[in-house]
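Below is one structure, written out as structure tokens; the observations come after it.
Just so you know, all these numbers are worked out from the coordinates, no wet-lab data involved. In this text the structure is predicted, and so the values were computed from the model without any measurement. Backbone-built Cβ (ideal geometry, glycine too); neighbour counts: all protein chains shown.
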Amino acid sequence: MDFKQLIRPHILKLQPYASARDEYSGKEGTFLDANENPFSSVSGENFNRYPDPYQWELKHKLSLLKGVSPESIFLGNGSDEPIDLLIKAVCEPLQNNIVIMPPTYGMYKVCADIQQVQVQQAPLSEDFDIDLDNVFDAVNAATKMIWVCSPNNPSGNLVNRDSIFQILKAFPEKLVVVDEAYIDFAESVSFITELRNFENLVVLQTFSKAWGMAGLRLGVAYCNPFIIKILNKIKYPYNLNILSQQKLSEALDKVKEKNEFVHDINLLREKLAGNLKQIPSVIKIFPSDSNMLLVKFIEAKKLFNYLLDQKVIVRDRSNVVLCEDCLRLSIGTEAENEILMKAIISLV
Ligand SMILES: *Cc1c(COP(=O)(O)O)cnc(C)c1O
């Protein structure tokens, strides 16, 4: 891959901000270089020192878990951060475009819109799988990135692996981003294992869903070290705060607990799907490999508002392409799912 062609020229040349912790990264010493409070924090904890800007300890831990080198890992303030940075790094405003496959996660388009980067749509098929004809029609010479979401949000399903491979092979000079926010719930191997085969591949994951750490804002991009270096150049110097870094380090020792959450949530999803099947106003429950169910109802809007009145909040996707009359239901606890079911049944 010709990275010089991929990255925006002024970003390639950019001289990034050098923080105090860039210029001296040793651990021992008398630190009088960053204008920190030398005592402690007003809150009582020790948050008075700036965190490691590149989070090396965490990346080493994560690299053992994921089988990739620490240099292939970017940690972000949620995966929304790498989504934004990737577009900033490669797309010239008003010149380049990205290809997305609606219905899909909304942030790809929002981040592109903010940068005045054009968005080309290659809609998924009716069963929410990649439509390669649509993709090949949407991609042109000005396309810099192709965004795939698998398992897809809001439909919840894994998309066809082979189609992703075809895209990776057909466009070796464009970035192919595979957003795997829900991969822990799916019985499928991550595309992380393909990083060694495709220089144009970026895999996004997050600690917000299966790991249950949405409030700490922790997302990850895995890709070749050249692109990671570019992302490091354009990120905020201390993009992950100390508390999030500490908690992530603890969490990485608890893969078993994460897997138990996944196991329980997947069982609850199947139970909820089974219960919804009995309901006459349910037209279709789409297959899910994630912690959400996209469900087509008779008069979804009416149901959505009725549920809101009962203080049961689901996501109305009925105005989204291919999701007419669909609501997206996050899998809750057993008790929460029962409240949802009772509320749905009580609408007559
Ligand atoms: C939730 C979600 C994310 C964002 O995750 P954060 O790490 O919380 O920013 C990214 N992609 C998809 C498809 C999601 O559903």
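Could you order the peptides 161-171, 66-76 from most to least packed, using the average number of other C-beta atoms within 10 Å per residue?
Packing order, densest peptide first, comes out as 66-76, 161-171.
Extent of the range 95-212 along each principal axis, from alpha carbon coordinates, in Å, largest to smallest?
38, 30, 27
Please list, or write none, the lysines whose alpha carbon is within less than 30 Å of the alpha carbon of Lys144, excluding same-chain residues fewer than 8 places away.
Lys4, Lys13, Lys59, Lys66, Lys88, Lys109, Lys169, Lys174, Lys209, Lys229, Lys233, Lys235
Per the Kirkwood definition applied to all pairs of different Cα atoms, how many angstroms is the hydrodynamic radius of the range 280-348? Walk me through the numbers on the way to the answer.
On the way: mean 1/r = 0.0827 Å⁻¹.
For the range 280-348, inverting the mean 1/r across all distinct Cα pairs yields 12.1 Å.
So what's the projected area for the range 223-310, the Cα convex hull averaged over all directions, in nm²?
10.2 nm²
How large is log10 of I(q)/I(0) for the range 33-174 at q = 0.10, 0.12, 0.16 Å⁻¹ when the intensity is taken from the Debye formula with one equal scatterer per alpha-carbon?
-0.48, -0.64, -0.95
Just to be sure I understand the model, the point goes 7 Å from the Cα along the line to the Cβ. What's the resulting Asp133 to Lys284 distance in nm?
Placing both labels 7 Å beyond Cα along the Cβ direction yields 1.8 nm.
From the backbone phi of the range 104-118, what are the Karplus-calculated ³J(HN,Hα) couplings (6.51 cos²θ - 1.76 cosθ + 1.60, θ = phi - 60°) in whole Hz, Gly and Pro given as x?
Per-residue couplings from phi come out as 8, 4, x, 6, 4, 6, 4, 5, 5, 4, 4, 8, 6, 9, 6 Hz.
Looking at the chain, I'd like the Rg to Rh ratio, where Rg is from alpha-carbon atoms and Rh is Kirkwood's inverse mean 1/r. Numbers along the way, then the final one.
Values: Rg = 21.8 Å, Rh = 21.8 Å.
Over the Cα atoms of the chain, Rg/Rh equals 1.00.
What does the convex hull of the alpha-carbon atoms of the range 13-104 project to on average, in nm²?
Computing the convex hull of the Cα atoms and averaging its projections yields 10.5 nm².
For each cysteine in the chain, check whether another cysteine's C-beta sits under 4.7 Å from its C-beta; list those where none does.
Here Cys91, Cys111, Cys149, Cys223 come out as lacking a disulfide-compatible partner, given the Cβ-Cβ threshold of under 4.7 Å.
Near the amide H of Asn152, under 5 Å away, which other amide H atoms are found, from residues 5 or more places off or on another chain, if H is placed in the peptide plane?
Asn157, Leu158, Val159
Distance from the Cα centre of the range 1-66 to that of the range 187-201, in angstrom?
27 Å
What's log10 of I(q)/I(0) for the range 1-40 at q = 0.18, 0.24 Å⁻¹, Debye sum over Cα points only, no solvent?
Calculated log10 I(q)/I(0) at the listed q: -0.66, -0.85.
What's the magnitude of the charge dipole for the range 97-150 around its Cα centre, counting Lys and Arg as +1 and Asp and Glu as -1 at the beta-carbon? Answer in Debye, nearest 20. Show your work: numbers first, answer last.
Values: 2 positive and 7 negative charges, 79 e Å.
Charge dipole, the range 97-150, about its Cα centre: 380 debye, nearest 20.
Which percent of Cα pairs goes in each bin when the distances of the range 251-293 are cut into 10 angstrom slices starting at zero?
For the range 251-293, the binned pair fractions read 26, 41, 21, 10, 2 percent.
Please report, in debye to the nearest 20, how large the charge dipole of the chain is about its Cα centre when each Lys and Arg carries +1 at its beta carbon and each Asp and Glu carries -1 there. Don't jump to the answer; show the numbers that get you there.
Numbers: 37 positive and 44 negative charges, 58 e Å.
With Lys and Arg at +1 and Asp and Glu at -1, about 280 debye.
Could you go through the range 67-72 in sequence order and give the Karplus-derived ³J(HN,Hα) for each residue, using 6.51 cos²θ - 1.76 cosθ + 1.60 with θ = phi - 60°, rounded to whole Hz, and x for Gly and Pro?
Listing the rounded values in order: x, 10, 6, x, 6, 9 Hz.
In the chain, what percentage of the DSSP-assigned beta bridges are antiparallel, given to the nearest 5? It would help to have the intermediate numbers written out before the result.
Details: 18 of 34 bridges.
Beta bridges within the chain, antiparallel portion: roughly 55 percent.
As an exercise, take the mean of 1/r over every pair of distinct alpha carbons in the range 115-157, invert it, and state the Kirkwood radius in angstroms. Display every interim value, and only then the final one.
On the way: mean 1/r = 0.0872 Å⁻¹.
Evaluated on the range 115-157, it is 11.5 Å.
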